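For reference, the structure is listed below as structure tokens.
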Amino acid sequence: MTRYVLRDDLSYCRIDQRLVFLDIGSDRYFQLPRSLEQALTAYLDGVECAQSEINALVERALLVERTDTAIRSRPNIEPAARSAVEAPQPLRHLRVVELMEVFAIVLRTRVAMKLSTLKHILDSLTAERHLQTAQIEPHADMSEPRRADAAAVFRRARLYVPIEMRCLLDAIAMTRFLLRRRIHAHIVFGIALDSFSAHCWVQVDDLVLNDTVGNVASHTPIRVV
């Protein structure tokens, strides 16, 4: 059994034969020098590494001691194949209470992003999702039409909120809006390197709820929350 594992706050993806990392704990993307990148890849693949290389990875807090708390299962997501934004959606009148709810959630999310860390916000969403999963009713409506309708309500109401749209702000706010309806969705973080671009969106299975398939397909997923 390996002694060290990748730090839980850290995730990576491979683009053009290079690794790109996302550190949720410090809210940053970065790359490693080629030598460290190769050492980390080899170690995670179970290839024997020199102790000096392992020490360097531990000193940079890329690897941590293997413990029960250090190993957490991370959600996976299917490749995006459909978009609720691009699908026909019957229109209905927005209720005032829905407009007020979306306004409050977006505002609260923006304040939280200024006062708290991204890690704390995402951990709170994950904890709430797990709590709801344990309490979910056997006959609860988890149908795709219900998800699509709730996402459409958020997207339309969001247009009336006088706060600049940003993918991270809106992905967190939509996820919270859906959680209030016991609809569980994931936030997918993705990046592109041909002129660096970081993006995130909300997705359930292979269905994107707040973006187009083409836009998300231009980004390589690096973490699912």
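The values are calculated or read from the model by the stated rules, or taken from the named source; none is laboratory data. Since we're looking at a predicted model, the values are computed, not measured. Here the Cβ is made from the backbone with ideal geometry for all residues, glycine too, and neighbour counts use every protein chain on show. When the accessible area is computed, the model is the full protein with side chains, heavy atoms only, and any ligands, DNA or RNA have been set aside. Shrake-Rupley method; radii C 1.70, N 1.55, O 1.52, S 1.80 Å.
Phe103 passes every criterion in (1) open to solvent by less than 50 Å² (accessible area, probe 1.4 Å); (2) in a helix (DSSP H, G or I); (3) among the aromatic types (Phe, Trp, Tyr) apart from (1).
Considering only residues that are among the small types (Gly, Ala, Ser) and either at negative phi or under 12 Å from the mean Cα position of the chain (by Cα) (or both), which ones fall in segment 150-195?
Ala150, Ala151, Ala152, Ala157, Ala171, Ala173, Ala185, Gly190, Ala192, listed by residue number.
Across segment 8-40, the qualifying residues are those that are of a type in the set (D, E, K, R) and not in a strand (DSSP E or B), and the one among them that is modelled with the lowest pLDDT is Asp16. Among the conditions (1) surrounded by fewer than 17 Cβ atoms within 10 Å (Cβ to Cβ); (2) of a type in the set (Ser, Thr, Tyr); (3) touching a residue at least 12 places away in the same chain (Cβ under 8 Å), Ser52 misses just one, which is (3).
Residues to consider are Val204, Val153; find the one that is farther than 24 Å from Ile24 by Cβ and touching a residue at least 40 places away in the same chain (Cβ under 8 Å).
Working: Val204 fails: farther than 24 Å from Ile24 by Cβ.
Every option except Val153 fails the conditions.
Looking at Leu118, Leu62, Leu57, just one residue is within 19 Å of the chain's Cα centre (by Cα), under 20 Å from Arg7 (Cα atoms), open to solvent by less than 60 Å² (accessible area, probe 1.4 Å) and not acidic (Asp, Glu), and that residue is Leu118.
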